[in-house]
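Engineer: What follows is a structure written as structure tokens; I'll ask about it next.
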Amino acid sequence: MKALEGKVALVTGGTGGIGTAICIKLADAGAKVVSTYNHEEQAREWQSRHAAMGHEFVITRCDVSSYDDCVAMADRVKADHGGVDILVNNAGITKDGTFRKMTPDQWNAVIDVNLSSVFNVTRQFVDAMTDKGWGRVINISSINGQKGQFGQTNYAAAKAGMHGFTMSLAQETARKGVTVNSISPGYIATEMVMAVPEDVRAKIIAGIPMGRLGKPEEIAALVAFLASDDAAFITGANIAANGGQHMM
Ligand code: NDP
């Protein structure tokens, strides 16, 4: 039997670079995978492309920055799939700018999509997980939430806040079979990072002791491990996967 057979996994922003690798890895481990999407046309195309390659993902619309949208999405997921055992809060955006130029819109958008979303989505599923006595919440944070980053006061604050959420909820659910953990990826070779001009990318890579970018599959493997029964004693942790770029 596969490690996640019989489990339902919900991945927010599952259609993105890291999200896609997470969806594939969880499905390969036996889970039924539901991904939220924001843009319908791209999500439908993503779904059929992966179906053609043997992965049948369910997709459902949800703006994770809207609490009401999350309530409606959760109602659909519960009706269609009976609930969620593994929740991966992965959706995220950047709206970079130095602090002196940062607008309230840039600040609010990043806090809403990257941090408030974790409350909005998790709130819908944790009670059922604790009632059942088994659940996994995995929050995709960032190296920049651990070390800060020039031009990212909004993003770093949201990603650091995400781990504060992780540690607190982990304490509330520890005795109920529900673990809550963060993963803090370093620079990962997604489309976004590969679109950075080559000379800038070379400078980023020069600052990574391993001398390379991470692979989305390496983050996905960590998610699958944290979702498994083998990781039952790990909770409230923030696991770095950054090629040695930041050690704490
Ligand atoms: P992508 O931009 O490829 O994917 C982000 C996903 O989030 C997309 O599917 C997007 O959907 C979704 N999303 C954005 N806004 C919303 C919203 N309001 N409601 C619902 N979904 C939304 O990013 P990555 O795969 O690179 O990043 C995934 C996560 O990993 C993010 O949280 C990011 O901060 C984090 N991370 C990434 C690193 C990297 O090097 N790539 C490094 C460290 C952390 P749509 O396209 O439909 O808008």
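The values are calculated or read from the model by the stated rules, or taken from the named source; none is laboratory data. Here the structure is a predicted model, which means the values were calculated and not measured. FYI the Cβ positions are ideal-geometry reconstructions off the backbone, even for glycines, and counts take in every protein chain you see. Keep in mind that these areas ignore ligands, DNA and RNA; they rest on the heavy atoms of the full protein, side chains included. Shrake-Rupley method; radii C 1.70, N 1.55, O 1.52, S 1.80 Å.
Engineer: Just to be sure I understand, how many residues within the range 201-213 are in contact with a helix residue (DSSP H, G or I) (Cβ under 9 Å, 6 or more places away or on another chain) and either crowded, with 17+ Cβ neighbours inside 10 Å or not in a helix (DSSP H, G or I) (or both)?
Structural biologist: 3
Engineer: Hey, which of the strands (runs of 3 or more DSSP E) in the range 1-104, taking only ones fully inside, have at least 1 residues that are at pLDDT 95 or above and among the polar types (S, T, N, Q)?
Structural biologist: Because the criterion is at least 1 residues that are at pLDDT 95 or above and among the polar types (S, T, N, Q), the strands (runs of 3 or more DSSP E) in the range 1-104 that meet it are 32-37, 58-61, 86-89.
Engineer: Tell me whether the range 91-108 contains one or more residues that are touching a strand residue (DSSP E or B) at 6+ places or on another chain (Cβ under 8 Å) and near the ligand (Cβ under 10 Å from one of its atoms).
Structural biologist: The answer is yes; a qualifying residue exists.
Engineer: Determine which single condition residue 63 fails, assuming it passes every other condition in (1) within 12 Å of the ligand (Cβ to nearest atom); (2) touching a residue at least 40 places away in the same chain (Cβ under 8 Å).
Structural biologist: (2)
Engineer: Checking residue 92 against (1) under 18 Å from residue 140 (Cα atoms); (2) open to solvent by 80 Å² or more (accessible area, probe 1.4 Å), which single condition isn't satisfied?
Structural biologist: (2)
Engineer: Of the residues in the range 158-191, how many are part of a helix (DSSP H, G or I), within 12 Å of the ligand (Cβ to nearest atom) and of a type in the set (A, V, I, L, M, F, W, C)?
Structural biologist: Qualifying residue count, the range 158-191: 2.
Engineer: When the residues of the range 124-157 are narrowed to those that are within 13 Å of the ligand (Cβ to nearest atom) and touching a residue at least 60 places away in the same chain (Cβ under 8 Å), which ends up most open to solvent (accessible area, probe 1.4 Å)?
Structural biologist: Here the residue is 147.
Engineer: Residue by residue through the range 1-40, note down the ones that are within 17 Å of residue 93 (Cβ to Cβ), open to solvent by 20 Å² or more (accessible area, probe 1.4 Å) and among the hydrophobic types (A, V, I, L, M, F, W, C).
Structural biologist: Within the range 1-40, just 18 meets the criteria.
Engineer: For residue 71, are the conditions met, namely being more than 8 Å from the ligand (Cβ to nearest atom), of a type outside the set (D, E, K, R) and open to solvent by less than 20 Å² (accessible area, probe 1.4 Å)?
Structural biologist: no
Engineer: Looking at (1) within 16 Å of the ligand (Cβ to nearest atom); (2) touching a helix residue (DSSP H, G or I) at 6+ places or on another chain (Cβ under 9 Å); (3) over 15 Å from residue 223 (Cα atoms), which one does residue 41 not meet, given that it meets all the others?
Structural biologist: (2)
Engineer: Determine which member of the set 198, 191, 172 is modelled with pLDDT of 95 or more and open to solvent by 50 Å² or more (accessible area, probe 1.4 Å).
Structural biologist: 172
Engineer: Related question: Cβ-Cβ distance below 6 Å, separation of 6 or more or different chains: which pairs start in the range 193-210 with a residue that is closer than 18 Å to residue 96 by Cβ and end on one that is surrounded by 10 or more Cβ atoms within 10 Å (Cβ to Cβ)?
Structural biologist: Filtered contacts from the range 193-210: 193/187; 204/187.
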